[in-house]
Amino acid sequence: MRRPIRLRTAGIGTAARGAVSRARLLFAAKTALAVGIAWSIAPHMPGSADQYPYYAPFGALISMYPTLMSSAKTGLQTLLGLGAGIGLATLVLMTVGPSLWSIAAVVGVGVIVSGTGWFGAGREYIPMAALFVLIIGGADAEDYSFGYVTQTAVGVVVGLLVNAIIPPAPLVSEAAARIDAFQQRLAAHLDDIAAALIETWPPERAGWMQDAGALAETSRSLRDAVAEADESRRGNPRAWRGRADTSREHARLEMLVEVAHQIRDVSGCLSDTINDRPSAFPLDPELVDPLAAACQAVADLLAGAAEDAGDLHARATEAVEALLRAVHTRSLETDAIAGPGVLSAMHLQRILLMLAPEADAESEGRQPDAGSQPSR
């Protein structure tokens, strides 16, 4: 069964769906609301702060993150960065005064200080704040600094309040959807290998060879997505009900990362043979069909629905066992090591073990029963 949709052709659609997802639209609405509230409050701030109202919506904007903890941390780090930059500018004003050389020097020092890592997301604002105070503040640097920090702090507080009053949904479902897409991508990769082996030999299709290297990068980005899902639960009232646990996503991701390693090894072995590299073993033509059938069956298992997992696993097991029998038979007949065939069979067997219903039951911390199926 050929999958009509490939990740490389569906990437634009996936990105578009992510941009207009419910969570993203809620985040956009909250950001707009926070900016509007901050802008309406800014003119009523005491002292000289009301002369710089535009920094309030700026503070609201930089404090808005998809997770509560990220919003709080980023807002605090930004204020610290602004304070450090204003401190550097104040030091210049109290000593040599603003000039071409002092402005350039203080910006350079600000960049050095930002490289310490002490200010997190606020590090970028250290040289910026110093520059603004010296150039824009000028003779009114004191009033400007007060307005700059005060209005930015107002915006940050507004952003945090909006994010707390309308808490974001935990990002567990988004992480789960990306893991599902990764599983489909692995299935498509094996599907491509199977199709390439059947159509011609040596295969003319080379896309799967390049795609193999991207699997590791995808797995790293998925780890970041699951970590972000964990972060989205911290301090979030919507996660207190216990419905946003990420243990299942962690288990699935670790399993699929290992599956990806096995698929990359199959790709690497066949790629060595196709490109006639020094370390390669030739692939017996008699093994091409059973190898393609085994790759196809495991791909069907990866792409299949949970309710069909039992039957698909049985078919994949039968196909891999048929490949092993063919490898054994040809090794005896030719008195040669069927390198790509036996190595691919071993990797496919490991994938089947990881996708077995029993393995899935253990990953969820329960005993397998007759109706248990691998997660999708």
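The values are calculated or read from the model by the stated rules, or taken from the named source; none is laboratory data. The structure presented is a predicted model; accordingly, all values stated were derived computationally and were not measured. Here the Cβ is made from the backbone with ideal geometry for all residues, glycine too, and neighbour counts use every protein chain on show. Just so you know, the surface numbers come from the protein's heavy atoms only, side chains and all, with ligands and any DNA or RNA stripped out. Shrake-Rupley method; radii C 1.70, N 1.55, O 1.52, S 1.80 Å.
The set of residues in region 125-144 that are under 28 Å from Ser71 (Cα atoms) and crowded, with 17+ Cβ neighbours inside 10 Å comprises Tyr125, Ile126, Pro127, Ala129, Ala130, Leu131, Phe132, Val133, Tyr144. Under 6 Å by Cβ, and 6 or more places apart or on different chains, what pairs join a residue from region 160-189 that is closer than 17 Å to Arg220 by Cβ with one that is basic (Lys, Arg) and crowded, with 21+ Cβ neighbours inside 10 Å? The qualifying pairs are Ile179/Arg252.
From the list Pro202, Pro278, Pro282, the one residue that fits, being modelled with pLDDT of 75 or more, over 17 Å from the mean Cα position of the chain (by Cα) and part of a loop (DSSP other than H, G, I, E, B), is Pro282. If the condition is being among the aliphatic types (A, V, I, L, M), surrounded by 14 or more Cβ atoms within 10 Å (Cβ to Cβ) and without any contact (Cβ under 8 Å) to a residue 24 or more places away in the chain, then region 84-110 contributes Leu91, Ala105, Val109. Looking across region 330-357 at every residue that is of a type in the set (Ser, Thr, Tyr) and surrounded by 14 or more Cβ atoms within 10 Å (Cβ to Cβ), the one that is modelled with the highest pLDDT is identified as Ser344.
Residues considered: Thr273, Thr218. Of these, the only one that is under 21 Å from Ala322 (Cβ atoms) and modelled with pLDDT under 80 is Thr273. Just the residues that are buried (at least 19 other Cβ atoms within 10 Å of the Cβ) and polar (S, T, N, Q), please, taken from region 40-73. Across region 40-73, the qualifying residues are Ser63, Thr67, Ser70, Ser71. Do any residues in region 249-260 that are within 10 Å of Ala175 (Cβ to Cβ) and of a type in the set (S, T, N, Q) have Cβ atoms under 7 Å from those of residues that are part of a helix (DSSP H, G or I) and open to solvent by less than 40 Å² (accessible area, probe 1.4 Å), where the two are at least six apart or on different chains, and which pairs are they? Hits for this filter: zero, empty list.
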